[in-house]
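Okay, so here's the structure we're looking at.
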Amino acid sequence: MKAKNLKVNGLTEPIGYSFDHLTFSWETSGEDLDAQSKMTVTVALDPAFKQVVAQADCASGNLLTLAPDFLTNKTRYFWRVQGLTFQASSFFETGLMDEAWQAKWISYQDAPQDAVCFSKKFTADKAVKTARLYLMALGLYEASLNGQAVSLEYLTPGYHSYDLYQQYQTFDVTHLINSENELTVMVGNGWYKGRFLFDGGFENIYGDKQKLIAQLEMTYEDGSREVVLSDESWNCQTYFIKENSIYDGERQDLSTRPEPLQTIALADDRATLTERLDLPVKPVRVYNPTAFIDKNGDLILDFEQEITGWIAGRVETPKKQVKFTFGELLQDGRFYRDNLRTAKQEFIVDNIEQASFIRPHFTYFGFRYVKVEGLSEAEALRFKGYSLQSELEETFSFASSSAKLNQLLSNVKWSQRDNFLSIPTDCPQRDERLGWTGDIGVFANTASYNMETRAFFANYLRSMRAEQLAQKGAVPVFVPYPKIKPFEGINPFLLGGAVSVWGDAATILPITSYRHCHDQGQLKADYPLMKGWVDYILKKDQAHQNRHLFDFDMQLGDWLALDTGIKGSVMGATDSSLVATVYYWISAQNTADAAAILDYQTDNAFYQKLADEIKAAILTTYFKGDDLNLAPATLNSPTEQIRQQMAQGFAGQKIDTKVDTQTGLALLLHYRLYPSEAARQKLADRLEARLEEAGNSLTTGFAGTPALLHALSENGLDQAAFDLLFKEDAPSWLFEVSQGATTTWERWDSLLSDGRISGTDMNSMNHYAYGSVEDFIVEKLLGINLPDLTGDTWKIAPHFTSHLTWAQGKLMTANGPLEVKWVKTGSLVETTVILPPRTKAVFIKQDGSQCQLKSGSNQFSDFFPDKSDNAIQDYKETVNE
Ligand code: BGC
């Protein structure tokens, strides 16, 4: 028996993170442990565990939450988990916590620069035992001590709601200290002051000059301490990095001779500095390109995969200028970038005077292709592509007999990697890259199979909560949410407010994270956000006669659905009050469930009653007896009127709003919002009919797509669900694959059948929302179902399909890998489930019968597609052989 992968709040050996709760988790492996075995977590001040400060037993789940009340600042804690036959240990370390900062924020007196370099020389006279650097700089920084990077992370401090709180980093720099030292921090524009934000972008969103606060604390071997603090005595100078911004890229001039700037101390608030939660952004994968000359005669590098990050390499001989332009696509054999809108995505280096290694510092690109100017093909091929992302552990792998399905799953994972950069973004390339809440809301479940998302979400949810508090309960459409002073013609998305589906990420992310990790400490931290969002809608609901229908205010509805018939439309045909009310119910139910888990009984009763009342309102509004009410009053609701106006403005056309669209039906079915079994059957029949009318194609948008295949499969329509999944002509998931996609597209028709782009005003090849289909593959095709929110038993119930002869998936669980593999020979299907120890699970056969699974390998035989005598005969013969 072994325990490994020890984590605190989902982080490995965290130093200086924010610990508002402490959840210890570990993975076990080995057979000699049953579900009942007790494990003990001990936290001590020393690695020999003599000075114990906390201890508790964990009966199940490989996870334990402790109250952090014993924590003191700047302290390393050692912790271990022990069972009967094993033990494993790790550590974590606190930051400054409530200790007041001694250092001051510093900046410079001179005119604003695009990048500056702060530095400070200091000596260390005695042998250093430990040294910690507490550091925060805005926009983005890279710090080094004596020429060595203090950490291998980039784009630090990441992106959070800078106007509301500032996350600082803690670095262990013990090994870098000499007797004579120089600490250098170069700081660029980043999200803080570079061009960024919706609708063309704005500069100086959070501030107009770079600033920094640093406190370096050394403890000598003799126990004495010394600190180096940022103040007016620091050096500040201009830098070789000129223009730089998230959208436009970076321009460097290597002939720059630094000019001194006048350092000033700022009176800026230090009380809003907090320990980091943001995960380090690292270059996780490296790619070698191939090169070709496109039809314009341009030299193009092809990385064969769309990645987020940058390129880097050596230029050996002097060059006046080298220029790289980044794009996602080729069109007509030519490099293409019109769909990036105003984002320049360029990396330019001027005046390379001697052999130099070049890379960007304060930007990133979403790209597969790079146009190269100023280098020969051989010189360009010295460059490699680095895929940058927040450091998350990957937890799921899949393979099947369909190469296209396998590629789809690779694309989904890549869109996640490419958009999990500090915050979950909509896309990594055009002039947007915002933390759109709706996108991650619909993708959260899939994301949490692919990776251990807990710590990444925790960070994003902290900004979401801060924004919610700043906006009186509203959860904005993207987080962080910069505040722009209103002006004539400002885009309404920049004026605050909240919409359904997007705001519901406030309850969906916490509950999804809990379902995957069972981390009560994290759920408790996120609970005020959940409650705050439901209370916000409820308050509005009460101001609209308390009807429990979310049929007022502007809504985005079933974003990007195809069912309006209006070319290029962003709005779907589904009644957006229906969509919004279903999501209101989802959020009320999620909050009731969270309250039950946390044993907040009064809240549980309150939100459960609310959820039940919303459901009752849905049933009375949208059903007449067992039939769907095709003409509910909401078709003419205030929400709908606003939407019709928007449609007029966009296309000069009216939307034929309906409730019985694929999305409307899928939502009602998947969330079981119907009055009776007879009504359920009628909804399922209608959904089948709607599919047929659409030529067996999907028409759903962001709101309906995550529910569609589940709704079909849960209602006896597996064949229809799998036909949609395996469909190869447009619109479909595999159409994208057939078009050579290496990530998932924003729109079903991002590219048309002839390979041409369908439009350039809002069209990315790297949006993860439609990748939400992966949870259908995990939960239905492989049949891996997580325990219920309050249960501990996994349910393994694979759904076979004639589209495949085999499929297999492996999910990392707290107890080790759980694997399901099924192989079809004729109509006989053999399923193998490998269950990790200490895990309870049942297997559900095709006839509905259940059996308990044991740790290790479990084998089952079943029939598909029919249970004909022949198949049974075949089976018997196989068994007899
Ligand atoms: C983004 C989306 C987002 C949507 C909402 C788009 O521009 O890319 O994915 O959810 O706007 O309006």
TODO: May I ask you to give the percent of accessible area on the chain that is carbon plus sulfur, with a probe radius of 1.4 Å?
DONE: 48
Task: Dipole axis of the range 282-390 (+1 Lys, Arg; -1 Asp, Glu on Cβ), positive-most option in THR317, TYR369, PHE347 - done: PHE347
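Structure shown: which of LYS7/LYS50; LYS624/LYS654; LYS615/LYS824 lie over 30 Å apart, alpha-carbon to alpha-carbon? Write down the numbers at each step before the final one.
On the way: LYS7/LYS50 21 Å; LYS624/LYS654 27 Å; LYS615/LYS824 41 Å.
Result: LYS615/LYS824 exceed 30 Å.
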Task: Distance (nanometres) between label positions extended 7 Å along Cα→Cβ at ALA48 and SER849 - done: 6.1
Task: Per-peptide average of other Cβ atoms within 10 Å, ordering 389-398, 756-765, 131-140, 433-442 highest first - done: 433-442, 131-140, 389-398, 756-765
TODO: Calculate the radius of gyration of the Cα atoms of the range 257-328 to one decimal place, then report Dmax, the largest Cα-Cα distance, as a whole number, both in Å.
DONE: 20.5, 57
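Take each complete run of DSSP H in the chain, measure how far its Cα atoms stretch along the helix's own axis, and keep only those covering 15 Å or more with mean Kyte-Doolittle hydropathy at least -0.5; list them. Provide the component values of the computation, followed by the final result.
Values: long enough: 403-419 (24 Å, -1.08); 437-450 (19 Å, 0.02); 454-470 (24 Å, -0.22); 505-517 (17 Å, 0.47); 520-543 (34 Å, -0.70); 576-597 (31 Å, 0.65); 601-622 (31 Å, -0.31); 638-651 (20 Å, -0.85); 677-693 (24 Å, -1.16); 869-880 (16 Å, -1.37).
Both cut-offs are met by 437-450, 454-470, 505-517, 576-597, 601-622.
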Open item on the list: What does DSSP give for the chain in terms of the percent of beta bridges that are antiparallel, rounded to the nearest 5?
Closed with: 90
TODO: Name the lysines eligible as straight-distance cross-link partners of LYS2: C-alpha to C-alpha under 22 Å, and not fewer than 8 places from it in the same chain.
DONE: LYS38, LYS810, LYS840, LYS854
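Loop-only check: which trypsin sites (Lys or Arg not before Pro) in the range 663-743 are DSSP coil with at most 10 other Cβ within 10 angstrom? Provide the component values of the computation, followed by the final result.
On the way: sites: ARG672, ARG680, LYS682, ARG686, ARG690, LYS727; in loops: ARG672, LYS727.
Within the range 663-743, the qualifying trypsin sites (Lys or Arg not before Pro) (loop, at most 10 other Cβ atoms within 10 Å) are ARG672.
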- [ ] Distance check, please: which entries in LYS209/LYS242; LYS658/LYS780; LYS780/LYS821 exceed 18 angstrom between their Cα atoms?
- [x] LYS658/LYS780
Task: Of SER245, THR184, SER255, farthest towards positive along the dipole that unit charges on Lys, Arg, Asp, Glu beta carbons give the range 106-278 - done: THR184
Open item on the list: Under 16 Å between alpha carbons, and skipping anything fewer than 8 positions from LYS483 in its own chain: which lysines qualify?
Closed with: LYS193, LYS472
Task: For the range 2-93, size of Cβ-based charge dipole, Lys and Arg +1, Asp and Glu -1, in debye - done: 240
Task: Net charge dipole size for the range 780-880 [Lys, Arg +1 and Asp, Glu -1 on Cβ; Debye, nearest 20] - done: 360
TODO: Please provide three numbers in whole Å: the alpha-carbon extents of the range 2-93 along the principal axes, with the largest listed first.
DONE: 39, 26, 18
Open item on the list: Taking every DSSP beta bridge with both residues inside the range 106-278, roughly what % is antiparallel (nearest 5)?
Closed with: 95
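Quick one: Kirkwood hydrodynamic radius for the range 145-304, alpha-carbon pairs, angstrom, one decimal? All intermediate terms of the calculation are to be shown ahead of the outcome.
On the way: mean 1/r = 0.0523 Å⁻¹.
Taking every pair of different Cα atoms in the range 145-304, averaging 1/r and inverting gives 19.1 Å.
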Task: Where only C-alpha atoms are counted, convex hull volume of the chain per residue in Å³ - done: 181
Task: LEU619-GLN545 pseudo-label distance in nm [points 7 Å out on the Cα-to-Cβ vector] - done: 2.1
Task: Karplus-derived HN-Hα couplings along the range 234-249 (A = 6.51, B = -1.76, C = 1.60, θ = phi - 60°), whole Hz, x at Gly and Pro - done: 6, 8, 9, 8, 6, 9, 6, 7, 9, 5, 7, 7, 4, 7, 8, x
Task: HN-Hα J in Hz across the range 78-88 - Karplus 6.51, -1.76, 1.60, θ = phi - 60°, x for Gly and Pro - done: 9, 9, 9, 10, 10, x, 4, 10, 8, 7, 8
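To the nearest 20 debye, what charge dipole does the chain have about its Cα centre, counting +1 at the Cβ of each Lys and Arg and -1 at the Cβ of each Asp and Glu? Intermediate values should be presented prior to the final figure.
On the way: 83 positive and 114 negative charges, 170 e Å.
The calculated dipole for the chain is roughly 820 debye.
Would you please classify the overall shape of the range 374-497 from the alpha carbon gyration tensor, given that a ≥ b ≥ c denote the square roots of the eigenvalues, rounded means a/c under 1.5, and beyond that prolate means a/b larger than b/c while oblate covers the rest? The partial results should precede the final answer.
Details: a/c = 2.34, a/b = 1.42, b/c = 1.65.
Because a/c hits 1.5 or more and a/b fails to exceed b/c, the range 374-497 counts as oblate.
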TODO: Give the long-range amide H neighbours of ALA54: residues separated by 5 or more places, or on another chain, with amide H under 5 Å away, using H modelled in the peptide plane at 1.01 Å from N.
DONE: VAL43
Open item on the list: Just to be sure I understand the curve: with the Debye formula and one point per C-alpha of the range 713-772, what is log10 I(q)/I(0) at q = 0.12, 0.19, 0.27 Å⁻¹?
Closed with: -0.31, -0.68, -1.11
Open item on the list: With unit charges on the beta carbons (Lys and Arg positive, Asp and Glu negative) and the dipole taken about the Cα centre of the range 780-880, which residue among ILE784, GLN808, PRO837 sits farthest to the positive side?
Closed with: PRO837
TODO: Work out from phi, with θ = phi - 60° and the Karplus expression 6.51 cos²θ - 1.76 cosθ + 1.60, the ³J(HN,Hα) of each residue of the range 101-111, listed in order in whole Hz, and give x for Gly and Pro.
DONE: 5, 8, 6, 10, 5, 10, 8, 9, 7, 5, 4
Task: Percent antiparallel among DSSP beta bridges (both partners in the range 780-880, rounded to 5) - done: 90
Task: Surface/4 estimate of mean projected area, convex hull on alpha-carbon atoms of the range 780-880, nm² - done: 6.6
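The values are calculated or read from the model by the stated rules, or taken from the named source; none is laboratory data. Please read all numbers here as calculations on a predicted model, not as lab measurements. A quick note on method: Cβ atoms are made from the backbone with ideal geometry, for glycine too, and the neighbour counts reach across all protein chains shown. For the accessible areas, the whole protein counts, side chains as well, though only heavy atoms, and no ligand, DNA or RNA atoms are used. Shrake-Rupley method; radii C 1.70, N 1.55, O 1.52, S 1.80 Å.
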